[in-house]
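Visitor: My structure is below; once you've seen it, I'll send some questions.
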Amino acid sequence: MLGNNTVYNDTKSDNLGGLIMSKRALITGVTGQDGSFLSEFLLEKGYEVHGIIRRSSVDYRERIAHLEGKPNFHLHFGDMGDSMSLVKVVGAVRPDEVYNLAAQSHVQVSFDSPEFTADVDATGVLRVLEAVRACGLEKTCRIYQASTSELYGKVEEVPQNENTPFHPYSPYAVAKLYGFWIVKEYREAYNMFCCSGILFNHESERRGETFVTRKITLAAARIAQGHQDCLYLGNLDSLRDWGYAKDYVECMWLILQNDKPEDFVIATGVQHSVREFTTLAFKHVGIELRFEGNGVDEKGICIAVSGSAPQSLVGKTLVAVSEDFYRPTDVVNLWGDPTKAKAKLGWNPNKTSFEELVKIMVEHDMAKVASEGAAAKVRTNLAEYLEKGIVK
Ligand code: NAP
Ligand code: GDD
């Protein structure tokens, strides 16, 4: 039990006096970007939603704070590194559907913490599958595994679909590849309904602040409001297929409602570079950028301003490249083909356009920076900038 509103009643059965209970979902990674949107989505569908959160000395549950206290929303302590905790929660909740979203999800961090990443992102998947089996739910419980376009890594085909060969290119991707294969193995060996969604990058106003899109939208807002001088980025040429996270969680659910367990690529089918994302985000805050130079010498210079952006920015370098944000091996050409998801699940990959996504994120961050005020001043000295927490 967590707090007043999160009591779990472990004597609950599926059918109380003829009353059919709503479907029960268990979400690992409930505090993350996708976990928070998926919780909202499933609650709206009438599910009883259970989420696993880690014990930590500081509570960080900002993304789900608005859901706590809702009668159908429950939280349980557990950790992807701790089998017993997973068995206990799965045994208590007895879910109809498990959404395994928990992960060390930052690719660059996986180079610094490869062993932790492997434990959570690879062995953690095995632990979830085994917990479901240990609780005798392998015939009734459907499992969604949060797989990733990073599996395509050093891409061998463009665009990428369900048949494109994998070539993982980071410790994160290698760990996720194990997750993908162990899910497939359990499907074939034990006839379990478990599937992987191979999701391409999906972003939102709830995206972690060190992923490139959110780093850019926050910096654009800070620069436009005079709280930051310059944005440092790594590889500006990198290409991604960026969608809106809120649209993607629907697909996770659709994958589990399919009549048979299958893996699906989830993407928009549209590709943009980091430079394009940056240009558009700055445009939304009233700053027109021109990029000059190449590689580490490339700079984004302000050539005009509009709206409330200060005139004093004109002529200044607002975006610069730092090798600190280069990766030992970088995935540079992700572009998904969502044909199968469109045809078999009826999912619409273009519900939110790239332009709308950037706008949603920038508008959110303009309001956030305005409300936080000058406390959020980020200086341009790179060492201080890194120290400030706007890190890899
Ligand atoms: P996220 O915001 O980084 O959330 C990750 C979640 O995992 C957080 O709730 C985190 O909890 C939890 N977690 C990490 N380590 C854990 C552990 N040892 N035990 C229990 N929970 C743990 O990630 P996201 O963007 O929502 O992505 C969700 C999933 O989809 C991840 O598996 C990610 O790898 C995968 N994915 C994401 C994308 C994308 O573009 N977003 C694309 C493809 C695949 P704390 O709050 O305690 O840190
Ligand atoms: N984070 C970051 N910071 N990335 C930068 C920067 C920077 O300053 N500058 C350039 N990039 C480039 C990275 O090198 C990468 O090629 C691209 O921007 C996207 O980086 P991220 O936003 O960190 O995302 P990612 O693609 O590495 O990983 C995300 O998407 C995967 C799906 O493809 C994560 O959400 C993963 O969990 C997910 O599996």
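Visitor: Residue check: is E188 touching a helix residue (DSSP H, G or I) at 6+ places or on another chain (Cβ under 6 Å), away from ligand 2 (no atom under 13 Å from the Cβ) and either among the β-branched types (V, I, T) or open to solvent by 40 Å² or more (accessible area, probe 1.4 Å) (or both)? Before the answer, list the steps.
Guide: Details: touching a helix residue (DSSP H, G or I) at 6+ places or on another chain (Cβ under 6 Å): no; away from ligand 2 (no atom under 13 Å from the Cβ): yes; either among the β-branched types (V, I, T) or open to solvent by 40 Å² or more (accessible area, probe 1.4 Å) (or both): yes.
No.
Visitor: Can you give me the ranges of the strands (runs of 3 or more DSSP E) entirely in region 33-117 with at least 2 residues that are modelled with pLDDT of 95 or more and among the hydrophobic types (A, V, I, L, M, F, W, C)? Full working, then the answer.
Guide: Numbers: elements: 48-53, 73-77, 97-100.
Strands (runs of 3 or more DSSP E) meeting the threshold: 48-53, 73-77.
Visitor: Can you name the number of the only condition in (1) open to solvent by less than 10 Å² (accessible area, probe 1.4 Å); (2) more than 11 Å from ligand 2 (Cβ to nearest atom); (3) among the hydrophobic types (A, V, I, L, M, F, W, C) that I198 fails?
Guide: Result: I198 passes all but (2).
Visitor: Still on this structure, please answer the following. Only one of T268, T278 is in a helix (DSSP H, G or I), modelled with pLDDT of 95 or more and open to solvent by less than 20 Å² (accessible area, probe 1.4 Å). Can you tell me which? Explain how you work it out, then say what you get.
Guide: Numbers: T268 fails: in a helix (DSSP H, G or I).
On inspection, the qualifying residue turns out to be T278.
Visitor: Which pairs have Cβ atoms under 7 Å, sit 6 or more apart or on different chains, and link a residue in region 163-191 that is β-branched (V, I, T) to one that is open to solvent by 20 Å² or more (accessible area, probe 1.4 Å) and not in a helix (DSSP H, G or I)?
Guide: From region 163-191, the pairs are T164/E156; T164/E157; V174/P168.
Visitor: Let me ask something else about it. Of everything in region 353-368, what is of a type in the set (D, E, K, R) and either open to solvent by 40 Å² or more (accessible area, probe 1.4 Å) or part of a loop (DSSP other than H, G, I, E, B) (or both)? Give them in sequence order. Let's see the steps before the verdict.
Guide: Taking region 353-368 first, the residues of a type in the set (D, E, K, R) are 355-356, 359, 363, 365, 368.
Hits for region 353-368 are E355, E356, K359, E363, K368.
Visitor: Here's something else I'd like to know. Could you identify the single residue in G81, G29 that is within 9 Å of ligand 1 (Cβ to nearest atom) and surrounded by 22 or more Cβ atoms within 10 Å (Cβ to Cβ)? Working first, answer last.
Guide: Working: G81 fails: surrounded by 22 or more Cβ atoms within 10 Å (Cβ to Cβ).
Going through G81, G29 in turn, just one is within 9 Å of ligand 1 (Cβ to nearest atom) and surrounded by 22 or more Cβ atoms within 10 Å (Cβ to Cβ): G29.
Visitor: Select, from R55, R63, the only residue that is within 13 Å of ligand 1 (Cβ to nearest atom), among the basic types (K, R) and closer than 27 Å to L233 by Cα.
Guide: The match here is R63.
Visitor: Looking only at region 110-145, filter to residues that are hydroxyl-bearing (S, T, Y) and crowded, with 19+ Cβ neighbours inside 10 Å; which one of those is farthest from D259 (Cα to Cα)? If you could, list the steps in order and put the result at the bottom.
Guide: Within region 110-145, the subset hydroxyl-bearing (S, T, Y) is 110, 113, 117, 123, 140, 144.
Narrowing further to those that are crowded, with 19+ Cβ neighbours inside 10 Å: 110, 117, 144.
Details: S110: 35, T117: 33, Y144: 14 Å.
Going through the qualifying residues, I end up with S110.
Visitor: Looking at (1) aliphatic (A, V, I, L, M); (2) open to solvent by less than 10 Å² (accessible area, probe 1.4 Å); (3) in contact with a Leu (Cβ under 6 Å, 6 or more places away or on another chain); (4) more than 12 Å from ligand 2 (Cβ to nearest atom), which is the only condition A219 fails?
Guide: That leaves (4) as the condition not met.
Visitor: List every residue pair whose Cβ atoms sit under 7 Å apart, with the two residues 6 or more apart in sequence or on different chains, where the first one lies in region 292-321 and is within 17 Å of T217 (Cα to Cα) and the second, anywhere, is open to solvent by 70 Å² or more (accessible area, probe 1.4 Å) and among the polar types (S, T, N, Q).
Guide: V305/Q311
Visitor: Looking for something away from ligand 1 (no atom under 16 Å from the Cβ) and at pLDDT below 95 - is there at least one such residue anywhere in region 351-367?
Guide: No: zero hits.
Visitor: For region 261-291, give me each residue that is under 30 Å from K139 (Cα atoms) and either acidic (D, E) or without any contact (Cβ under 8 Å) to a residue 60 or more places away in the chain (or both).
Guide: E262, D263
Visitor: Output yes when any residue across region 160-174 is closer than 18 Å to V98 by Cβ, within 13 Å of ligand 1 (Cβ to nearest atom) and small (G, A, S), and no when none is.
Guide: Of all residues in region 160-174, those closer than 18 Å to V98 by Cβ come to none.
No - not one qualifying residue is present in region 160-174.
Residues are listed down the side, and each one gets a yes or a no for (1) closer than 26 Å to K340 by Cβ; (2) touching a Phe, Trp or Tyr at 6+ places or on another chain (Cβ under 6 Å):
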{"position": "H66", "(1), (2)": "no, no"}
{"position": "N72", "(1), (2)": "no, no"}
{"position": "H76", "(1), (2)": "no, no"}
{"position": "D82", "(1), (2)": "no, no"}
{"position": "G91", "(1), (2)": "no, no"}
{"position": "A118", "(1), (2)": "no, no"}
{"position": "V125", "(1), (2)": "yes, no"}
{"position": "L129", "(1), (2)": "yes, yes"}
{"position": "Q145", "(1), (2)": "yes, no"}
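Visitor: Kindly provide the set of residues from region 281-328 that are β-branched (V, I, T) and surrounded by 19 or more Cβ atoms within 10 Å (Cβ to Cβ), ordered by number. Break it down stepwise before answering.
Guide: Within region 281-328, the first condition is being β-branched (V, I, T), and the residues that meet it are 285, 287, 296, 301, 303, 305, 314, 317, 319, 321.
Passing the criteria: V285, I287, V319, V321.
The values are calculated or read from the model by the stated rules, or taken from the named source; none is laboratory data. Keep in mind that what you see is a predicted model, and the values were worked out from it rather than measured. Please note: Cβ atoms are built from the backbone with ideal geometry, for glycine as well, and neighbour counts cover all protein chains shown. To get the accessible areas, we keep the full protein, side chains included, count just its heavy atoms, and leave off ligands, DNA and RNA. Shrake-Rupley method; radii C 1.70, N 1.55, O 1.52, S 1.80 Å.
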